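Peer 1: Before I ask anything, let me first share the structure, which is written out below as C-alpha coordinates.
The values are calculated or read from the model by the stated rules, or taken from the named source; none is laboratory data. Computed from a predicted model, the values in this text were never measured in an experiment. So basically every Cβ, Gly included, is an ideal-geometry build from the backbone, and we count neighbours across all protein chains shown. Surface accessibility is based on the protein's heavy atoms, side chains included, excluding ligands, DNA and RNA. Shrake-Rupley method; radii C 1.70, N 1.55, O 1.52, S 1.80 Å.
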Amino acid sequence: MISVAERHARKPWLRAMLLLFAALATAWLTLEHFWLGYYDRVLWQMTVVGVLLLAAALVWIRRSKAHQDPVVLPALLVMALPGLMSMETLPALTLHSLLVPPLLGYFCLREKIAHALALALGCMLLLAGLVVWPMDMALRCLLQYVMITGSVACYTVMTRQRDVITTVVALRDWESTAYNGHQLETVLERELCRSNHVGKPLSLIGFQIDDFAQLKEQGDAHALVQALPRFVAAIREEVRAGDEVFRLRDDLFVLMLPGCPEDGSIVLMERIRRHLLHLGWQDLGELSVMTTTVTSNPAESAYNLQRRLITRMAKQKRASLQSLAF
(Lines give C-alpha, C1' and ligand atoms only; values in the text may rest on other atoms or scores of the structure.)
Protein backbone atom coordinates (compact mmCIF):
# COMPACT_ATOMS: atom_id res chain seq x y z
CA MET A 1 0.00 0.00 0.00
CA ILE A 2 1.84 3.08 -1.25
CA SER A 3 0.17 6.49 -1.12
CA VAL A 4 1.32 10.06 -1.57
CA ALA A 5 1.68 10.35 2.20
CA GLU A 6 3.56 7.05 2.50
CA ARG A 7 6.07 8.07 -0.17
CA HIS A 8 7.25 10.67 2.38
CA ALA A 9 7.12 8.41 5.43
CA ARG A 10 10.64 9.46 6.31
CA LYS A 11 9.68 13.16 6.10
CA PRO A 12 6.81 13.76 8.53
CA TRP A 13 7.54 17.47 8.53
CA LEU A 14 5.85 17.69 5.11
CA ARG A 15 2.52 16.69 6.66
CA ALA A 16 3.08 19.04 9.58
CA MET A 17 3.82 21.90 7.15
CA LEU A 18 0.64 21.18 5.17
CA LEU A 19 -1.47 21.32 8.32
CA LEU A 20 0.29 24.50 9.43
CA PHE A 21 -0.35 26.09 6.02
CA ALA A 22 -4.03 25.10 6.26
CA ALA A 23 -4.20 26.68 9.72
CA LEU A 24 -2.70 29.96 8.44
CA ALA A 25 -5.09 30.03 5.45
CA THR A 26 -8.06 29.37 7.75
CA ALA A 27 -6.89 32.13 10.12
CA TRP A 28 -6.78 34.63 7.24
CA LEU A 29 -10.26 33.53 6.12
CA THR A 30 -11.48 33.93 9.69
CA LEU A 31 -10.19 37.50 9.78
CA GLU A 32 -11.99 38.34 6.52
CA HIS A 33 -15.24 36.86 7.86
CA PHE A 34 -14.87 38.97 10.98
CA TRP A 35 -14.54 42.12 8.84
CA LEU A 36 -17.65 41.06 6.83
CA GLY A 37 -19.68 40.42 9.98
CA TYR A 38 -20.08 36.63 9.73
CA TYR A 39 -19.55 36.20 13.45
CA ASP A 40 -21.15 32.74 13.65
CA ARG A 41 -18.58 31.38 11.16
CA VAL A 42 -15.76 33.17 12.97
CA LEU A 43 -16.31 31.12 16.13
CA TRP A 44 -16.29 27.82 14.22
CA GLN A 45 -13.20 28.74 12.21
CA MET A 46 -11.27 29.84 15.30
CA THR A 47 -11.85 26.33 16.61
CA VAL A 48 -10.61 24.87 13.33
CA VAL A 49 -7.41 26.96 13.49
CA GLY A 50 -6.66 25.67 16.98
CA VAL A 51 -7.34 22.05 15.98
CA LEU A 52 -5.08 22.29 12.90
CA LEU A 53 -2.23 23.84 14.91
CA LEU A 54 -2.58 21.11 17.53
CA ALA A 55 -2.62 18.42 14.81
CA ALA A 56 0.55 19.86 13.21
CA ALA A 57 2.30 19.82 16.60
CA LEU A 58 1.19 16.23 17.30
CA VAL A 59 2.33 15.05 13.87
CA TRP A 60 5.79 16.44 14.57
CA ILE A 61 5.87 14.98 18.09
CA ARG A 62 4.71 11.56 16.79
CA ARG A 63 7.05 11.68 13.76
CA SER A 64 8.49 8.27 14.62
CA LYS A 65 5.13 6.56 13.96
CA ALA A 66 4.46 4.80 10.68
CA HIS A 67 1.36 6.91 9.96
CA GLN A 68 -0.54 9.81 11.53
CA ASP A 69 -4.15 8.87 10.72
CA PRO A 70 -5.42 9.06 14.37
CA VAL A 71 -4.22 12.67 14.53
CA VAL A 72 -4.94 13.97 11.02
CA LEU A 73 -8.36 12.41 10.39
CA PRO A 74 -10.19 14.05 13.35
CA ALA A 75 -8.61 17.40 12.45
CA LEU A 76 -9.90 17.15 8.87
CA LEU A 77 -13.38 16.19 10.06
CA VAL A 78 -13.46 19.22 12.36
CA MET A 79 -12.27 21.32 9.42
CA ALA A 80 -15.36 20.29 7.42
CA LEU A 81 -17.85 21.28 10.14
CA PRO A 82 -18.02 25.08 9.42
CA GLY A 83 -18.99 24.37 5.83
CA LEU A 84 -21.79 22.03 6.85
CA MET A 85 -23.07 24.49 9.47
CA SER A 86 -23.46 27.33 6.94
CA MET A 87 -24.94 25.49 3.98
CA GLU A 88 -28.16 27.46 3.96
CA THR A 89 -26.62 30.95 4.04
CA LEU A 90 -23.34 30.59 2.09
CA PRO A 91 -23.60 27.70 -0.43
CA ALA A 92 -20.53 28.66 -2.48
CA LEU A 93 -18.34 28.95 0.59
CA THR A 94 -19.72 25.65 1.85
CA LEU A 95 -18.46 23.86 -1.27
CA HIS A 96 -15.01 25.40 -0.89
CA SER A 97 -14.88 24.43 2.77
CA LEU A 98 -15.81 20.81 2.02
CA LEU A 99 -13.22 20.55 -0.76
CA VAL A 100 -10.21 21.31 1.43
CA PRO A 101 -10.34 18.29 3.86
CA PRO A 102 -10.30 15.53 1.19
CA LEU A 103 -7.57 17.32 -0.77
CA LEU A 104 -5.43 17.52 2.35
CA GLY A 105 -6.38 13.95 3.20
CA TYR A 106 -4.81 12.58 0.02
CA PHE A 107 -1.48 14.08 1.07
CA CYS A 108 -1.65 13.38 4.82
CA LEU A 109 -3.56 10.09 5.17
CA ARG A 110 -3.11 6.57 3.90
CA GLU A 111 -4.79 6.03 0.56
CA LYS A 112 -7.74 3.90 1.69
CA ILE A 113 -8.53 6.28 4.56
CA ALA A 114 -8.33 9.26 2.18
CA HIS A 115 -10.76 7.60 -0.26
CA ALA A 116 -13.17 6.86 2.59
CA LEU A 117 -13.00 10.48 3.82
CA ALA A 118 -13.67 11.88 0.34
CA LEU A 119 -16.61 9.51 -0.18
CA ALA A 120 -18.11 10.30 3.24
CA LEU A 121 -17.91 14.07 2.70
CA GLY A 122 -19.42 13.69 -0.79
CA CYS A 123 -22.39 11.76 0.63
CA MET A 124 -22.86 14.37 3.36
CA LEU A 125 -22.78 17.14 0.76
CA LEU A 126 -25.43 15.40 -1.36
CA LEU A 127 -27.78 14.56 1.52
CA ALA A 128 -27.53 17.94 3.22
CA GLY A 129 -27.71 19.76 -0.12
CA LEU A 130 -30.94 18.00 -1.14
CA VAL A 131 -32.51 19.13 2.13
CA VAL A 132 -31.30 22.75 2.12
CA TRP A 133 -30.83 23.69 -1.56
CA PRO A 134 -32.84 23.15 -4.75
CA MET A 135 -32.09 19.87 -6.46
CA ASP A 136 -30.25 21.44 -9.43
CA MET A 137 -27.93 23.39 -7.11
CA ALA A 138 -27.24 20.34 -4.97
CA LEU A 139 -26.39 18.22 -8.02
CA ARG A 140 -24.21 20.98 -9.50
CA CYS A 141 -22.23 21.33 -6.25
CA LEU A 142 -21.86 17.56 -6.01
CA LEU A 143 -20.56 17.41 -9.61
CA GLN A 144 -17.96 20.07 -8.87
CA TYR A 145 -16.93 18.21 -5.73
CA VAL A 146 -16.60 14.91 -7.60
CA MET A 147 -14.58 16.46 -10.43
CA ILE A 148 -12.03 18.11 -8.13
CA THR A 149 -11.63 15.33 -5.58
CA GLY A 150 -11.71 12.71 -8.33
CA SER A 151 -8.79 14.33 -10.15
CA VAL A 152 -6.71 14.28 -6.95
CA ALA A 153 -7.75 10.68 -6.29
CA CYS A 154 -6.64 9.70 -9.80
CA TYR A 155 -3.31 11.42 -9.19
CA THR A 156 -2.88 9.39 -5.99
CA VAL A 157 -3.69 6.09 -7.73
CA MET A 158 -1.34 6.87 -10.63
CA THR A 159 1.42 7.78 -8.17
CA ARG A 160 0.95 4.46 -6.38
CA GLN A 161 1.05 2.54 -9.66
CA ARG A 162 4.21 4.34 -10.74
CA ASP A 163 5.91 3.63 -7.41
CA VAL A 164 4.96 -0.05 -7.61
CA ILE A 165 6.44 -0.33 -11.12
CA THR A 166 9.57 1.57 -10.06
CA THR A 167 10.01 -0.75 -7.08
CA VAL A 168 9.72 -3.83 -9.30
CA VAL A 169 12.28 -2.72 -11.89
CA ALA A 170 14.70 -1.08 -9.42
CA LEU A 171 18.03 -2.81 -8.90
CA ARG A 172 18.30 -1.95 -5.21
CA ASP A 173 15.84 -1.45 -2.40
CA TRP A 174 15.80 2.25 -1.46
CA GLU A 175 15.37 1.61 2.29
CA SER A 176 17.96 -1.05 3.02
CA THR A 177 20.44 -0.69 0.08
CA ALA A 178 20.10 -4.47 -0.49
CA TYR A 179 19.32 -5.79 -3.95
CA ASN A 180 15.64 -5.86 -4.87
CA GLY A 181 13.92 -9.17 -4.18
CA HIS A 182 12.45 -9.18 -7.71
CA GLN A 183 15.99 -9.60 -9.03
CA LEU A 184 16.69 -12.67 -6.89
CA GLU A 185 15.18 -15.36 -9.10
CA THR A 186 16.96 -14.10 -12.23
CA VAL A 187 20.36 -13.84 -10.55
CA LEU A 188 19.80 -17.13 -8.73
CA GLU A 189 19.03 -18.97 -11.99
CA ARG A 190 22.26 -17.70 -13.51
CA GLU A 191 24.35 -18.61 -10.46
CA LEU A 192 22.77 -22.09 -10.30
CA CYS A 193 23.78 -22.75 -13.90
CA ARG A 194 27.31 -21.65 -13.09
CA SER A 195 27.42 -23.78 -9.92
CA ASN A 196 26.18 -26.85 -11.78
CA HIS A 197 28.80 -26.28 -14.47
CA VAL A 198 31.71 -26.15 -11.99
CA GLY A 199 30.22 -28.87 -9.78
CA LYS A 200 29.91 -26.80 -6.61
CA PRO A 201 26.63 -26.25 -4.71
CA LEU A 202 25.02 -22.89 -4.06
CA SER A 203 23.66 -21.94 -0.64
CA LEU A 204 21.11 -19.38 0.55
CA ILE A 205 20.89 -17.94 4.06
CA GLY A 206 17.66 -16.27 5.16
CA PHE A 207 17.53 -13.56 7.81
CA GLN A 208 14.06 -12.67 9.11
CA ILE A 209 13.56 -9.78 11.55
CA ASP A 210 11.10 -10.87 14.22
CA ASP A 211 8.00 -8.72 14.82
CA PHE A 212 8.93 -6.38 11.96
CA ALA A 213 5.37 -5.17 11.40
CA GLN A 214 4.89 -4.54 15.13
CA LEU A 215 8.17 -2.63 15.32
CA LYS A 216 7.14 -0.48 12.36
CA GLU A 217 3.60 0.14 13.60
CA GLN A 218 4.06 0.54 17.35
CA GLY A 219 7.75 1.25 17.71
CA ASP A 220 10.00 3.88 16.15
CA ALA A 221 9.44 3.53 12.39
CA HIS A 222 12.07 6.15 11.57
CA ALA A 223 14.69 4.35 13.68
CA LEU A 224 13.78 1.05 12.03
CA VAL A 225 14.25 2.51 8.55
CA GLN A 226 17.60 3.95 9.61
CA ALA A 227 18.69 0.58 11.04
CA LEU A 228 18.06 -1.40 7.83
CA PRO A 229 21.15 -0.17 5.89
CA ARG A 230 23.29 -0.93 8.95
CA PHE A 231 21.69 -4.38 9.17
CA VAL A 232 22.61 -5.15 5.54
CA ALA A 233 26.10 -3.68 5.96
CA ALA A 234 26.69 -5.91 9.01
CA ILE A 235 25.85 -8.99 6.91
CA ARG A 236 28.16 -7.87 4.10
CA GLU A 237 31.05 -7.43 6.54
CA GLU A 238 31.18 -11.20 7.13
CA VAL A 239 30.97 -12.43 3.52
CA ARG A 240 33.04 -12.43 0.34
CA ALA A 241 32.97 -9.62 -2.19
CA GLY A 242 30.83 -11.59 -4.67
CA ASP A 243 28.14 -12.59 -2.16
CA GLU A 244 25.12 -10.32 -2.26
CA VAL A 245 22.11 -9.62 -0.04
CA PHE A 246 18.57 -9.44 -1.45
CA ARG A 247 15.48 -8.08 0.27
CA LEU A 248 12.78 -10.61 -0.51
CA ARG A 249 10.11 -9.11 1.79
CA ASP A 250 9.94 -6.25 4.27
CA ASP A 251 11.28 -8.47 7.04
CA LEU A 252 13.14 -11.16 5.03
CA PHE A 253 16.67 -10.79 3.63
CA VAL A 254 18.43 -13.50 1.62
CA LEU A 255 22.19 -13.91 1.32
CA MET A 256 23.30 -15.79 -1.81
CA LEU A 257 26.54 -17.81 -1.53
CA PRO A 258 27.75 -19.28 -4.86
CA GLY A 259 30.12 -22.21 -4.50
CA CYS A 260 29.41 -22.66 -0.79
CA PRO A 261 28.61 -26.15 0.64
CA GLU A 262 26.05 -26.72 3.36
CA ASP A 263 28.47 -27.00 6.28
CA GLY A 264 30.18 -23.75 5.27
CA SER A 265 26.84 -21.90 5.05
CA ILE A 266 25.85 -23.14 8.53
CA VAL A 267 29.12 -21.89 10.05
CA LEU A 268 28.77 -18.54 8.28
CA MET A 269 25.11 -18.23 9.32
CA GLU A 270 25.97 -18.66 13.00
CA ARG A 271 28.84 -16.17 12.75
CA ILE A 272 26.64 -13.51 11.13
CA ARG A 273 23.84 -14.13 13.62
CA ARG A 274 26.19 -13.60 16.58
CA HIS A 275 27.57 -10.49 14.93
CA LEU A 276 24.07 -9.05 14.49
CA LEU A 277 23.14 -9.81 18.10
CA HIS A 278 26.22 -8.05 19.45
CA LEU A 279 25.54 -4.84 17.54
CA GLY A 280 23.75 -2.00 19.31
CA TRP A 281 20.53 -0.85 17.63
CA GLN A 282 20.03 2.42 19.53
CA ASP A 283 16.31 3.25 19.79
CA LEU A 284 15.23 -0.25 18.75
CA GLY A 285 16.96 -1.96 21.66
CA GLU A 286 17.63 -5.61 20.84
CA LEU A 287 16.88 -6.71 17.28
CA SER A 288 15.75 -10.35 17.19
CA VAL A 289 16.69 -12.16 13.96
CA MET A 290 15.71 -15.69 12.88
CA THR A 291 18.08 -17.43 10.45
CA THR A 292 18.02 -20.55 8.29
CA THR A 293 19.95 -21.93 5.32
CA VAL A 294 19.39 -24.21 2.32
CA THR A 295 21.81 -25.70 -0.22
CA SER A 296 20.98 -26.42 -3.85
CA ASN A 297 20.45 -29.91 -5.21
CA PRO A 298 21.58 -30.99 -8.70
CA ALA A 299 19.24 -29.72 -11.45
CA GLU A 300 17.14 -27.77 -8.91
CA SER A 301 15.48 -24.64 -10.28
CA ALA A 302 15.85 -21.19 -8.76
CA TYR A 303 12.15 -21.06 -7.93
CA ASN A 304 12.22 -24.37 -6.04
CA LEU A 305 15.33 -23.40 -4.09
CA GLN A 306 13.78 -20.07 -3.15
CA ARG A 307 10.50 -21.70 -2.10
CA ARG A 308 12.40 -24.28 -0.05
CA LEU A 309 14.12 -21.48 1.88
CA ILE A 310 10.81 -19.69 2.54
CA THR A 311 9.12 -22.95 3.61
CA ARG A 312 11.93 -23.82 6.00
CA MET A 313 11.82 -20.29 7.43
CA ALA A 314 8.05 -20.56 7.95
CA LYS A 315 8.40 -23.94 9.70
CA GLN A 316 11.12 -22.56 11.95
CA LYS A 317 8.99 -19.55 12.85
CA ARG A 318 5.98 -21.76 13.57
CA ALA A 319 8.09 -24.03 15.81
CA SER A 320 9.44 -20.98 17.64
CA LEU A 321 5.93 -19.66 18.28
CA GLN A 322 4.78 -23.05 19.54
CA SER A 323 7.76 -23.29 21.94
CA LEU A 324 6.97 -19.82 23.27
CA ALA A 325 3.32 -20.78 23.76
CA PHE A 326 4.27 -23.76 25.92
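Peer 1: What 222 nm value per residue comes from the helices of the chain, counting each DSSP H run with n ≥ 4 as -39,500 (n - 2.57) and dividing by all residues, nearest 500 deg cm²/dmol?
Peer 2: Theoretical 222 nm ellipticity from helices: -23000 deg cm²/dmol.
Peer 1: Roughly what angle does helix 13-36 make with the longest principal axis of the chain, taking Cα atoms, 0 to 90 degrees, to the nearest 10?
Peer 2: With both axes taken from Cα atoms, the answer is about 0 degrees.
Peer 1: Given a 1.4 angstrom probe, I'd like the percentage of the accessible area of region 82-211 that is carbon and sulfur, rounded to a whole number.
Peer 2: About 68 percent, which is the carbon plus sulfur part of the accessible surface.
Peer 1: Between E300 and W13, how high is the FRET efficiency from 1/(1 + (r/R0)^6) when r is the Cβ-Cβ distance and R₀ = 35 Å? Nearest 0.05.
Peer 2: Numbers: r = 49 Å, r/R0 = 1.41.
After rounding to 0.05, the efficiency reads 0.10.
Peer 1: Can you bin region 226-326 into rounded, prolate or oblate? Criterion: square roots of the alpha carbon gyration tensor eigenvalues sorted a ≥ b ≥ c, rounded for a/c under 1.5, prolate for a/b above b/c, oblate for the rest.
Peer 2: oblate
Peer 1: With axes computed from alpha carbons, what is the tilt in degrees of helix 302-325 against the longest principal axis of the chain, rounded to the nearest 10 within 0 to 90?
Peer 2: With rounding to tens, the tilt is 80 degrees.
Peer 1: Gain in length, R308 to M135, computed as 0.36 nm per residue apart minus the alpha-carbon separation, to one decimal in nm? Intermediate values should be presented prior to the final figure.
Peer 2: On the way: separation 173, 0.36 × 173 = 62.28 nm, distance 6.30 nm.
Gain on extension, R308 to M135, equals 56.0 nm.
Peer 1: Can you tally the net charge around P134? Count Lys and Arg as +1, Asp and Glu as -1, for every other residue whose Cβ sits under 13 Å from the Cβ of P134.
Peer 2: Once positives and negatives cancel, what remains is -1.
Peer 1: What is the gain in length, in nm to one decimal, between C154 and Q226 on full extension, counting 0.36 nm per residue of separation less the C-alpha to C-alpha distance?
Peer 2: 22.8 nm
Peer 1: Residue separation times 0.36 nm, minus the C-alpha to C-alpha distance between L81 and D40: what's the value?
Peer 2: Result: 13.5 nm gained on full extension.
Peer 1: At a Förster distance of 41 Å, what's the computed FRET efficiency of R274 paired with W174, Cβ-Cβ distance as r, to 0.05?
Peer 2: Numbers: r = 29 Å, r/R0 = 0.70.
Using R0 = 41 Å, I get an efficiency of 0.90.
Peer 1: How high is the FRET efficiency from H96 to A57, r the C-beta distance, R0 45 Å, rounded to 0.05? List each step's numbers first, then the result.
Peer 2: On the way: r = 26 Å, r/R0 = 0.57.
After rounding to 0.05, the efficiency reads 0.95.
Peer 1: Of the peptides 252-263, 290-301, 164-175, how do they stack up when ordered by the mean number of other Cβ atoms within 10 Å, highest first? Kindly include the intermediate steps, with their values, before the conclusion.
Peer 2: Numbers: 252-263: 19.7, 290-301: 16.5, 164-175: 12.4.
Result, highest mean first: 252-263, 290-301, 164-175.
Peer 1: Over the chain, with the other protein chains present, what is the accessible area per residue in square angstrom, probe 1.4 angstrom?
Peer 2: Accessible area per residue: 53 Å².
Peer 1: In whole Å, how far is the Cα centre of region 263-305 from that of region 28-84?
Peer 2: Between the Cα centre of region 263-305 and that of region 28-84, the gap is 49 Å.
Peer 1: Here's a follow-up. Looking at the chain, send over the antiparallel percent of its DSSP beta bridges, to the nearest 5.
Peer 2: Approximately 90 percent, going by the DSSP bridge assignments.
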